[in-house]
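Only one structure is covered here, and it is reproduced in the block below.
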Amino acid sequence: MMSDGVAGGSRDTGLSEVIGFVLILGLLVVVASLYLAYGVPAQGRENEILHMNAIKDQFVAFKLSLDSLFTNDKVGTTLSNSFTLGTSGGYTEGMLSFIPIMSPVNSGGTIAINQRTTTPETLNISSRSLILNNTYRTSVDLPAQANYTPSHVYVNISGIQSSDLSASNRFGATVNTTTWAVYVNLTPETSFYQWYQTYDPTSSNDCLASPRNQNGTPIFISNSICLVPMNAYAFNGTDLSISVNRGGVVTMENYPVYRNVKAGSTYTIDLMDPAYGISSSIQTVDGISIKTDMPLGSINATGNISYGFTELNPYTISPIPLGAVEYRAQNSYWIAQDYYYQMGGIFLSQNDGNTTYKLPPEITFSYDNVSLTDPTRNIVTVNINALVIDLNNRGIVGGNSPVQIKTQMTNVTQLPYATGKANTKWIRIAVNTSDSQAREMWKNYFDYSATVNNIPHYTVGEDGTEVFIRINGYYDDTVTASSVYDINVIASEAIYSTSIHGIGGTLE
């Protein structure tokens with residue numbers, strides 16, 4: 001009986017050890033399953049969030065690089081920027097990450113140039129504006145205020161008679177602002193010479209005593225001839241000359257513009273000529289006056305400001321292809337996100353249907369509401385910098401390794417709006433894109449930007465695949481025709497050549 005009991009106890013002990021091992025193994029499986037179900041995805045999610053934040057920062061650095069090229073007018077200069085396509089080489093790792101199945105799957109992504117839409121996205125601008133034009137010119141007589149940068153500031157001298165052209169006659173006029181002055185003069189030109197007056201002396205001593213007004217030592221020839229030197233001036237004609245004073249400093253004095261002027265002719269001086277050195281001093285706020293300081297006969301001094309522009313209604317710019325540099329994430333644990341750079345802005349598109357801008361594009365509005373009694377002084381300013389990616393550049397790189405993007409600014413063009421106080425009565429700015437999410441984003445951006453800047457009389461809408469904003473300024477030209485220009489458009493276009501250089505990715 002005793003032996004049977006001992007044998008039964010041994011069997012129970014062995015069975016309990018097996019059961020304990022199985023329970024421990026089951027517990028480990030449960031823990032590992034929980035870690036795989038919750039811990040690994042949490043690590044993967046955190047890694048991908050950190051990576052997407054890094055991508056955003058890399059796009060910000062990319063934008064700043066392109067902005068620096070544009071701001072400093074560095075045409076032909078190349079800059080490089082790096083982008084990390086995936087989470088390989090990673091971010092957060094768990095304590096069991098040394099076991100391959102216990103680590104999150106590395107995410108990847110692709111970076112692409114001009115792959116956003118099948119048809120190019122374009123910027124379209126139309127307006128009623130004063131446009132620079134060498135054929136058609138607008139002018140206003142002096143005195144006048146230079147509301148725009150002049151092409152010419154003319155001074156005309158007319159009414160010269162023959163009797164005005166003598167050694168003793170002078171004429172003077174002044175053209176000036178508060179910061180500079182130009183003095184226009186008709187100046188007789190004379191040359192000095194010396195001649196000898198004969199004198200009949202009684203003796204050599206009498207000759208040396210000489211008559212009055214002598215200008216040198218007399219020469220005794222004989223008792224009947226004494227030569228007395230006399231100063232004289234010959235009239236050689238009259239010149240039209242100018243003197244320039246800038247900020248109280250004389251920078252040019254009696255500079256002859258026309259030599260030996262003739263009666264009956266009109267003479268014109270263009271103060272914007274670089275030779276006179278004041279073209280940079282003629283500002284768009286200057287009131288330029290003209291007056292005659294030293295009148296002479298019927299000579300008249302007049303002038304006018306000439307602008308090299310004409311009004312076009314409408315003035316339509318050829319559609320500007322925008323292009324884009326885009327990163328498309330291939331996330332396994334976090335929502336799919338696409339970042340892209342376009343027209344100076346950084347945009348985020350998600351698969352939930354939302355597109356937002358992280359940094360705004362280079363279209364801005366402001367309203368200078370300075371007067372309640374004179375609305376013509378209240379100017380809406382529209383700044384457009386069309387920073388575009390050359391559509392001839394295309395490429396795509398995929399993987400999870402770093403890539404490098406090289407960018408060169410190849411061209412900068414100022415759009416031909418007249419520079420000055422204001423140049424436009426209405427303007428319509430539109431973005432044409434087949435991406436409905438992008439259209440909604442642009443619509444919201446236009447409306448928000450106009451609202452926060454108190455822009456008067458504007459509308460935002462859609463027309464097919466085009467979303468637009470139309471600004472009518474203080475005087476709504478669609479309601480009542482107005483001669484007032486109360487919108488100032490400042491616009492330029494810069495083209496960037498962009499290429500991708502992959503490091504371990506797949507280049508297409």
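Remarks
- Taking the convex hull of Cα positions in segment 358-457, its mean projected area over all directions (nm²): 9.8
- When the residues W195, W442, W334 are ordered by accessible surface, computed with a 1.4 Å probe over the protein chains alone, the sequence from largest down reads W195, W334, W442.
- Cross-link partners of K358 among lysines, defined as those whose alpha carbon lies under 17 angstrom from its own and excluding same-chain residues fewer than eight positions apart: K56, K63, K443.
- Relative to the current alpha-carbon distance between S158 and T179, full extension at 0.36 nm per residue lengthens the span by 4.9 nm.
- FRET efficiency for V249 and T451, using Cβ-Cβ distance with R0 set to 30 Å, rounded to 0.05: 0.05
- Hydrodynamic radius by Kirkwood, which averages 1/r over all alpha carbon pairs of segment 319-373, in angstrom: 13.7
- Net lengthening on full extension, D463/D352 (0.36 nm per residue, minus Cα-Cα): 37.5 nm
- Residues whose placed amide H lies under 5 Å from that of E121, excluding near-sequence neighbours: L322, G323
- Label-to-label distance for Q194 and D273 is 3.8 nm, based on points extended 7 Å past Cα in the beta-carbon direction.
- Normalised by residue number, the volume inside the convex hull of the Cα atoms of segment 237-311 is 145 Å³ per residue.
The values are calculated or read from the model by the stated rules, or taken from the named source; none is laboratory data. Treat the numbers as computed from the prediction; the structure is a model and nothing was measured. Note: ideal-geometry Cβ built from the backbone for every residue, glycine included; neighbour counts use all protein chains shown. Surface areas here come from the heavy atoms of the whole protein model, side chains and all, with no ligands, DNA or RNA. Shrake-Rupley method; radii C 1.70, N 1.55, O 1.52, S 1.80 Å.
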